[in-house]
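> Could you have a look at this structure, given as C-alpha cells, before my questions?
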Amino acid sequence: MLGCSLYPIVNNDKMKKIIKKTSPKPIKVDKAPKVDKISKTVKNTDNSDIIKTKSTVPSKTIFQKISDQRKNAIEDVVKELVNEEAIPIVLYLIGRTKVSEFVLAQDLNLEIHKARNLLYRLLEHNVLYFHRKKDKIKGWYICYWDFNEKIIPFQLEKIKSQKLVKLKERLEKESSSMFYMCKSACTRMDFEKSMEFNFKCPECGELMDEQNNSRTLEFLKERITELDKDLKAYDK
Ligand SMILES: [Zn+2]
C-alpha cells in the first residue's frame with residue numbers, strides 16, 4: 001500500500017533495541033501503536049483555541065456544522081466514488097488539519113484497517129491527501145490526513161455529466177421502442193426481445209402486456225432538465 005505501514009521500517013534487531021530503551025516491558029515488534037495512548041490535538045471550529053483531549057469515548061460534537069448544500073455535495077460525491085461508509089471520515093476532517101489516522105479511527109469508532117481502507121479509497125479520487133511522518137522512537141510511519149474540499153465541485157460536475165449521458169441514452173431507448181411487461185412483474189423487455197420469447201414471460205410463462213411507459217418518459221425528462229440546470233450553474 002502507498003506510503004504508510006503499520007510495521008516498523010527498521011529491522012527487527014534494531015527495533016528490539018529501541019523497544020528495550022523505550023519501554024519497560026517487551027512488546028511485540030509487529031504491533032501497531034496503541035490508539036488509546038495517542039493524544040490528539042483538535043482545532044476548534046472557530047480556530048480560537050486548541051483542545052487537547054485523551055478521551056476514549058467519541059464526542060458528540062466531532063462533526064463541524066456545515067450548510068446542507070455543502071454537506072449534500074460532499075455526501076453525493078463520496079457515496080458515488082467510494083461508498084456511504086466513507087462519508088463520516090470526510091465530514092470528520094472538515095475544520096481539522098493533519099489528522100492522525102489513529103485519532104480518526106478512534107473518534108469514528110472504526111477499526112484501523114477499515115479506516116485505512118476507506119482513507120486510501122478516498123485518496124485515489126483525490127478527495128483526501130496526506131502527510132507521512134516517521135515516529136522517531138518506534139520507527140514506523142503515521143499518516144496525517146486532510147480533506148481536499150476544492151475537488152468536490154469538480155467531482156460533482158463529473159458525476160452529474162455522466163448521469164446525464166446515461167439518462168439521455170435511457171430516454172432514447174424508452175422513446176424508440178414499445179415495452180412489454182409480465183403481469184406478475186417478473187420481467188420487462190423491449191419489443192424485439194419480447195418477440196424472441198413470443199411475448200411470454202421467460203420467468204413464469206405468463207403472457208406479457210404492452211406497457212405504457214409515459215410515466216417513465218416523463219420521469220426521465222424531468223431528471224434530465226434538472227441535471228441540465230444543475231450543470232449550467234457550474235458554467236457560470
Ligand atoms: Zn412472469
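> If you plug each phi of the range 88-103 into the Karplus form 6.51 cos²θ - 1.76 cosθ + 1.60 with θ = phi - 60°, what whole-Hz ³J(HN,Hα) values come out, in order, with x for Gly and Pro?
3J(HN,Hα) across the range 88-103, in whole Hz: x, 4, 5, 5, 5, 6, 5, x, 10, 10, 6, 8, 5, 5, 6, 5.
> Taking 7 Å along the Cα-to-C-beta vector as the label spot, tell me the L231-M195 distance in nanometres, rounded to one decimal.
Using points 7 Å along Cα→Cβ, the separation is 3.3 nm.
> As a footprinting exposure proxy, order S100, S176 by other Cβ within 10 Å, with the fewest listed first.
With the fewest neighbours first, S100, S176 line up as S176, S100.
> Work out, step by step, the length gained on full extension between E157 and N109: first 0.36 nm times the residue separation, then minus their alpha carbon distance; give nm to one decimal.
Taking 0.36 nm per residue and subtracting the Cα distance, the gain is 14.1 nm.
> Roughly how many whole Å is it from the C-alpha centroid of the range 82-151 to that of the range 220-235?
What the calculation gives is 33 Å, centre to centre.
> Additional query: Among F154, F179, which comes first, second and so on when ranked by fewest other beta-carbon atoms within 10 Å?
F154, F179
> Restrict the search to the range 114-188; then list the trypsin sites (Lys or Arg not before Pro) that DSSP places in a loop and that have at most 13 other Cβ atoms within 10 Å of their Cβ.
In loop regions of the range 114-188 (DSSP not H, G, I, E or B), the sparsely surrounded trypsin sites (Lys or Arg not before Pro) are K136, K150, K183.
> Here is a follow-up. Can you give the relative contact order of the range 93-236 as a percent, counting alpha carbon pairs under 8 Å and 6+ residues apart?
On the way: 154 pairs, mean separation 26.5, N = 144.
Taking the mean separation of contacting Cα pairs over the length of the range 93-236, I get 18 percent.
> Ok, one more. If I model a spin label as a point 7 Å beyond the Cα along the Cα-Cβ vector, how far apart are those points for A185 and E84 in nm?
Label at A185, label at E84, 2.1 nm between them.
> I need W140, W145 ordered by Cβ neighbour count within 10 Å, fewest first.
In increasing order of surrounding Cβ atoms, one gets W140, W145.
FYI, it's all coordinate maths here, none of it is from the lab. Quantities reported herein were computed from a predicted structural model and do not represent experimental measurements. No Cβ is skipped: glycine too gets one built from the backbone with ideal geometry, and neighbour counts run over all protein chains shown.
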